[in-house]
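Only one structure is covered here, and it is reproduced in the block below.
The values are calculated or read from the model by the stated rules, or taken from the named source; none is laboratory data. Fair warning: this is a prediction, and the values are worked out from it, not measured in the lab. No Cβ is skipped: glycine too gets one built from the backbone with ideal geometry, and neighbour counts run over all protein chains shown. What goes into the accessible areas is simple: the full protein's heavy atoms, side chains included, and nothing from ligands, DNA or RNA. Shrake-Rupley method; radii C 1.70, N 1.55, O 1.52, S 1.80 Å.
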Amino acid sequence: MSDTAVSLQNLTLAYGETVAVPSLNLDIHKGELVALLGPSGCGKTTTMRAIAGLMTPRSGTIMIDGVDVTKVSANKRGVGLVFQSYALFPHLSGFENVAFGLRLKRTPAAVITQKVEAGLELVGLSHLAERMPAELSGGQQQRLSLARSLVMEPKVLLLDEPLSNLDARLRLEMRTELQTLQRQTGITMVFVTHDQAEALALADRIVLMKDGVIEQTGTPEDLYNRPNTVFAADFVGFENIFKVSGNTASNSMVIASDTGELNLNYRSDASHLAWRPEGVIIGSGPHAGVVAGVAFAGNKREYVITTDAGKIRADVDASESAVQIGETVSFELPESSARPLREAL
Amino acid sequence: MGKTWASRLIIFTTLLFLIGPFFIIIFAGLSAGSSLSFPPQGLSLKWYLAVFEVESFRQSFTLSMFLAVCGTLCALIIGVPAAYAICRYKIPGAETIKLIVAAPIIVPGIIVGLALLRYLVVPLNFTVTLALFLAHTALVLPYAVRVVSASLENLRTDIEEAAVLLGCTRLQAFSKVVLPNIRSGILAAFILGFVTSFNQVPVSLFLSGPGVRTLPIDMLDYMEITYDPSVAALSALLAFLSMGIVFIAEKTLGFSRYV
Ligand SMILES: Nc1ncnc2c1ncn2[C@@H]1O[C@H](COP(=O)(O)OP(=O)(O)OP(=O)(O)O)[C@@H](O)[C@H]1O
Ligand SMILES: [Mg+2]
């Protein structure tokens with residue numbers, strides 16, 4: 001018995017003529033919490049719907065627990081999906097919403113009551129079981145929808161932007177709850193998000209998608225520190241990305257943006273180099289630039305510096321004294337914090 | 001001040017215009033005399049009671065009731081799935097279908113009646129009752145489709161997918177999730193259809209035979225021969241019946257939201 005919960009093989013997903021996902025290969029392990037991360041329209045929802053069986057792939061294979069389910073209809077796959085819109089049944093109470101799937105399975109009434117109560121307990125909604133969905137807040141509806149999927153004990157639970165409709169505070173709360181829940185139940189979960197912070201905070205593994213293609217997968221640490229492509233780097237917050245335009249001498253090179261160039265005193269074989277704002281050194285170094293903007297952000301100051309190679313973003317510890325707008329500062333793009341990148345896959 | 005007076009006058013006149021005839025009918029039916037007149041000659045309930053003695057009224061009432069109930073039910077059996085298909089699937093020409101479905105509203109009823117007589121009853125030997133049934137079903141169908149469509153459009157589609165993922169077949173999802181949520185729309189369509197069918201004259205005009213007449217047609221015939229207040233009494237009773245149905249519907253369903 002393999003430990004692969006979901007396996008997507010050469011999956012092609014299309015809406016009529018529009019191919020949303022050209023060829024997807026992805027294995028999700030049992031008990032894993034995977035984040036499907038990517039910009040709007042990159043095919044995250046489409047992929048989820050295909051796994052759930054709400055959409056028929058044009059070609060390719062979907063395996064769940066080692067069984068080919070490509071042709072199995074959605075109601076027999078044992079996949080749970082928490083919709084971004086919750087999709088609660090408006091005519092049923094909270095309790096009945098959660099009991100819906102169990103009733104279909106002709107579960108004995110006593111078992112239903114016990115399971116539903118346990119499910120509601122798990123998401124902290126026991127006291128609101130008799131309310132109708134319309135009488136619940138967004139966060140409560142969200143949790144009800146989660147409970148409804150959980151009591152079915154799905155082989156995989158898919159969550160489509162589960163937190164995007166919540167306000168900032170509730171989102172943080174639910175983030176923790178979701179993580180705790182996943183650890184408690186050990187259920188395999190895939191959740192969709194276009195918020196990198198959410199993906200980094202929650203997931204065991206992040207799958208970064210672009211235009212229906214997986215750009216990079218890895219642990220949050222991997223992706224945060226070692227993006228491989230320009231797109232991935234940009235997505236996880238490398239705000240300074242430059243093209244390496246040529247190596248001028250044995251120990252120096254030129255990096256370029258659309259607007260200009262900078263000479264660095266080291267070499268790289270990569271096609272691009274990237275620095276996080278906190279990787280840029282300000283106040284010393286071989287280059288000079290003019291401060292175009294500075295913003296105080298609690299523990300740090302966020303600078304925008306106009307340089308020969310265009311704008312550079314740099315974060316400096318707030319304990320250092322501020323440099324005013326219009327002043328000239330020296331700065332350095334150190335080799336140690338440079339991340340070498342490929343242009344694309 | 002003048003403005004309030006003017007608007008009050010307009011409201012009063014409008015109400016008088018709308019409700020006035022109804023009161024005239026109620027009182028004309030209360031007459032103690034033997035011909036239809038207003039103001040009534042004396043007061044008595046005898047014509048209200050007499051209505052129930054007229055054999056043809058009883059027959060035509062039964063027929064009208066049958067047509068209104070069964071025709072509307074039949075229209076709903078066709079109309080609900082039709083409305084669902086139009087709303088949920090990108091059927092090519094859905095707009096055209098909607099127009100065609102609305103045809104019986106647009107085409108004068110008298111032409112529908114004549115066409116049914118000419119092309120169904122006469123050449124195909126359809127019985128008049130069957131033709132009437134078909135005519136009333138067709139007449140009510142557009143209302144059924146419209147009203148049910150309206151409540152379907154307000155219903156989100158993702159709950160059906162949610163139901164499927166919880167184990168429903170598509171059909172179960174429809175009956176367990178869609179139907180309960182459009183129930184009040186369906187009931188509204190039923191009442192609207194019932195009233196429309198029951199009061200229908202032009203379509204039924206050509207479609208009557210020996211002993212087969214709808215109540216409104218029967219009343220017309222009756223009045224041609226006997227000009228007594230029983231028709232007024234009957235009209236008043238029917239109006240009360242309709243009002244009762246709509247009142248109950250309004251109380252239980254918030255009917256006015258759908259029309
Ligand atoms: N019903 C549809 N018909 C045609 N094209 C569609 C349909 N749904 C989605 N698409 C296209 O498929 C691609 C992927 O869409 P999808 O909904 O999977 O994106 P997403 O990653 O979920 O985006 P978002 O973050 O905005 O929800 C998009 O280019 C979109 O335009
Ligand atoms: Mg989406």
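Looking only at strands (runs of 3 or more DSSP E) that lie completely in the range A:1-69, which have at least 1 residues being within 16 Å of A:Gly80 (Cβ to Cβ) and within 13 Å of ligand 2 (Cβ to nearest atom)?
A:33-37
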Flagged in the range B:131-140 as open to solvent by 40 Å² or more (accessible area, probe 1.4 Å) and within 14 Å of the chain's Cα centre (by Cα), in numbering order, are B:Phe133, B:Ala138
Okay, helices (runs of 4 or more DSSP H) sitting entirely in the range B:154-259 with 1 or more residues that are without any contact (Cβ under 8 Å) to a residue 40 or more places away in the chain, I get B:158-165, B:170-173, B:179-198, B:215-225, B:230-253
Helices (runs of 4 or more DSSP H) wholly in the range B:60-142 with at least 2 residues that are closer than 19 Å to B:Ala188 by Cα - which ones? B:72-88, B:94-106
Suppose the filter is in contact (Cβ under 8 Å) with a residue 12 or more places away in the chain and not in a strand (DSSP E or B); does A:Asp258 pass it? yes
Tabulated pairs, the range A:59-72, first in contact (Cβ under 8 Å) with a residue 12 or more places away in the chain, second part of a strand (DSSP E or B) and of a type in the set (S, T, N, Q), C-beta under 6 angstrom, 6+ apart or interchain: A:Ser59/A:Thr12; A:Gly60/A:Gln9; A:Gly60/A:Asn10; A:Gly60/A:Thr12; A:Thr61/A:Gln9; A:Met63/A:Ser7; A:Thr70/A:Thr61
Unique residue being closer than 19 Å to B:Thr214 by Cα, surrounded by 18 or more Cβ atoms within 10 Å (Cβ to Cβ) and in contact with a strand residue (DSSP E or B) (Cβ under 7 Å, 6 or more places away or on another chain) when the list is B:Val112, B:Val121, B:Val128, B:Val51: B:Val128
For the structure I just gave you, tell me whether A:Gln140 is out of contact with any strand residue (DSSP E or B) (no Cβ under 8 Å at 6 or more places or on another chain), modelled with pLDDT under 95 and surrounded by 15 or more Cβ atoms within 10 Å (Cβ to Cβ). yes
Name the one entry in B:Phe23, B:Phe38, B:Phe27 that is among the aromatic types (Phe, Trp, Tyr), modelled with pLDDT of 85 or more and within 22 Å of B:Pro216 (Cβ to Cβ). B:Phe23
Matching option when the condition is basic (Lys, Arg) and within 20 Å of the chain's Cα centre (by Cα), among B:Arg118, B:Arg58, B:Arg88: B:Arg58
List pairs: first residue in the range A:263-274 and without any contact (Cβ under 8 Å) to a residue 24 or more places away in the chain, second residue crowded, with 16+ Cβ neighbours inside 10 Å anywhere in the structure, Cβ distance under 6 angstrom, at least six positions apart or on different chains. A:Asn263/A:Val254; A:Arg267/A:Met253
Name the one entry in A:Val79, A:Val123 that is in contact with a Leu (Cβ under 7 Å, 6 or more places away or on another chain) and within 11 Å of chain B (Cβ to nearest Cβ). A:Val79
Can you work out which of the residues in the range A:299-328 that are of a type in the set (A, V, I, L, M) and either farther than 27 Å from A:Lys243 by Cα or in a loop (DSSP other than H, G, I, E, B) (or both) is least open to solvent (accessible area, probe 1.4 Å)? A:Ala309
